[in-house]
Amino acid sequence: MEIMWHELSDNPKMCEAFFYQSPSLHSIELHSINFDRNGPSAKISFVLPVPPQRIPVKLKNGDFNSVFFEISFFPLCSIELTDWQENMNVSIELSGQKNSIVLVVRKQPEKQPCIRLMARCFRFEKISPYLKQSCK
């Protein structure tokens, strides 16, 4: 059985509170990537354009069409950043290799890698239902 990407995290149950299975990481809107010398670590935030499959009781009355994620990677082993723009429509690949996590971010539709990082582990810092407004 293939491992789902969220199961590679230190805290997979946080994602399972909103999804029955790992959501697809294609066609997402990358908001930010921040680096911290402590760790050293990196934190990425993005919006997944699908509604949550599960909504916590306290949020049941909300209007949501997407999910906001904030994920930390630590300690960083390597990082490559080849492109950054104001609007980043990307797909993300997460895989585990020999005591490390590899994150590859590919720009859409070109599919060119623009970020690649390797860390020992990752964890979900924040997951929340989100109402994405369309710009007109």
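The values are calculated or read from the model by the stated rules, or taken from the named source; none is laboratory data. A quick note: this is a predicted structure, and the numbers were derived from the prediction, not measured. All Cβ positions, even for glycine, are placed from backbone atoms using ideal geometry, and neighbour counts span all protein chains on display.
Name the residue, out of Cys114, Cys121, that is at pLDDT 90 or above and either under 22 Å from Phe18 (Cβ atoms) or among the basic types (Lys, Arg) (or both). Give the steps one after another, and end with the answer.
Details: Cys114 fails: either under 22 Å from Phe18 (Cβ atoms) or among the basic types (Lys, Arg) (or both).
Exactly one of Cys114, Cys121 is at pLDDT 90 or above and either under 22 Å from Phe18 (Cβ atoms) or among the basic types (Lys, Arg) (or both), namely Cys121.
Please determine, by comparing only the residues of segment 24-58 that are of a type in the set (A, V, I, L, M, F, W, C) and more than 10 Å from the chain's Cα centre (by Cα), which one is farthest from Cys77 (Cα to Cα). It would help to see each step written out before you state the result.
Going through segment 24-58, the residues of a type in the set (A, V, I, L, M, F, W, C) turn out to be 25, 28, 30, 33, 35, 42, 44, 46-48, 50, 55, 57.
When the remaining residues are screened for being more than 10 Å from the chain's Cα centre (by Cα), the result is 33, 35, 42, 50, 55, 57.
Details: Ile33: 16, Phe35: 13, Ala42: 11, Val50: 31, Ile55: 35, Val57: 39 Å.
Checking each candidate, the answer is Val57.
In segment 30-60, how many residues are farther than 26 Å from Ile115 by Cβ, part of a loop (DSSP other than H, G, I, E, B) and hydrophobic (A, V, I, L, M, F, W, C)?
Total meeting the criteria: 1.
Please work out which one of (1) at pLDDT 90 or above; (2) within 20 Å of Ser100 (Cβ to Cβ); (3) in contact with a strand residue (DSSP E or B) (Cβ under 9 Å, 6 or more places away or on another chain) is the condition Arg37 fails and give its number.
Single failed check for Arg37: (3).
If only one of Ser78, Ser66 is on the phi < 0 side of the Ramachandran plot, of a type in the set (Ser, Thr, Tyr) and modelled with pLDDT of 95 or more, which one is it? I'd like the intermediate steps shown before the answer.
Values: Ser66 fails: modelled with pLDDT of 95 or more.
Result of the check over Ser78, Ser66: Ser78.
May I ask you to say which residue of Gln133, Gln108 is more than 21 Å from Phe19 (Cα to Cα) and over 18 Å from the mean Cα position of the chain (by Cα)? Let's see the steps before the verdict.
Details: Gln108 fails: over 18 Å from the mean Cα position of the chain (by Cα).
After applying the criteria, what remains is Gln133.
Has segment 8-23 got at least one residue that is in contact with a Gly (Cβ under 9 Å, 6 or more places away or on another chain) and at pLDDT 90 or above? Give the steps one after another, and end with the answer.
Within segment 8-23, the subset in contact with a Gly (Cβ under 9 Å, 6 or more places away or on another chain) is 8.
In the following step, the residues that additionally are at pLDDT 90 or above were identified as 8.
Checked segment 8-23: at least one residue is in contact with a Gly (Cβ under 9 Å, 6 or more places away or on another chain) and at pLDDT 90 or above.
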